[in-house]
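The values are calculated or read from the model by the stated rules, or taken from the named source; none is laboratory data. None of these values were measured; they are calculated from a predicted model. With ideal geometry, Cβ positions are generated from the backbone for all residues, glycine too; neighbour counts draw on all protein chains shown. Each accessible area value is taken on the protein alone, full model and side chains, heavy atoms only, with ligands, DNA and RNA left out. Shrake-Rupley method; radii C 1.70, N 1.55, O 1.52, S 1.80 Å.
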Amino acid sequence: MKVEKTLASFVLVDFNMRTIPEVLEFKQTLELNGMLPNTIRGYLNDLKCKCPDKR
């Protein structure tokens, strides 16, 4: 898993470069609540550490 930069924010993708729907929904909630991009990146990095390695 890794955090990828998009044009306006960040997204967490798995090893097949697919987004994880639950994480994407969480990220969108953070954006709607006015979180800054670097804060969102921090949350995603924390989630990355908690997700199991499924290669």
#### Entry: Area accessible to solvent at residue 48, 1.4 Å probe radius, in Å²
70 Å²
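Let's see if you can work this out: charge +1 on each Lys and Arg Cβ, -1 on each Asp and Glu Cβ, no other charges. What is the dipole magnitude of the chain about its Cα centre, in debye to the nearest 20?
Details: 9 positive and 7 negative charges, 44 e Å.
Computed about the Cα centre, the dipole is about 220 debye.
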### Task
Using only Cα atoms, tell me the angle between helix 37-50 and the longest principal axis of the chain; keep it within 0 to 90° and round to the nearest 10.
30 degrees
### Listed residues 35, 17 arranged by accessible area, highest first, probe 1.4 Å
17, 35
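Please identify the chymotrypsin sites (Phe, Trp or Tyr not before Pro) of the range 1-50 that satisfy two criteria: DSSP loop assignment and at most 11 other Cβ atoms within 10 Å. Which are they?
Values: sites: 10, 15, 26, 43; in loops: 15.
Sites meeting the loop and neighbour criteria: 15.
With a 1.4 Å probe and all protein chains kept in place, how do 41, 18 rank by accessible area, largest first?
Numbers: 41 110, 18 130 Å².
Greatest to least solvent exposure: 18, 41.
Grab the Cα-Cα distance for residue 32 and residue 19, subtract it from 0.36 nm times how many residues apart they are, and report the gain in nm with one decimal.
Numbers: separation 13, 0.36 × 13 = 4.68 nm, distance 1.87 nm.
Net length gain for the segment: 2.8 nm.
Given the DSSP H assignment, sum -39500 (n - 2.57) over each helix run of at least 4 residues in the chain and divide by its residue total; what's the result at 222 nm in deg cm²/dmol, nearest 500? The partial results should precede the final answer.
Working: 2 runs with 26 residues, N = 55.
Result for the chain, helices only: -15000 deg cm²/dmol.
Of all the accessible heavy-atom surface of the chain, with the other protein chains kept in place and a 1.4 Å probe, what percent is carbon and sulfur? Working shown, then result.
Numbers: 2300 of 4210 Å².
Carbon and sulfur: 54 percent of the exposed surface of the chain.
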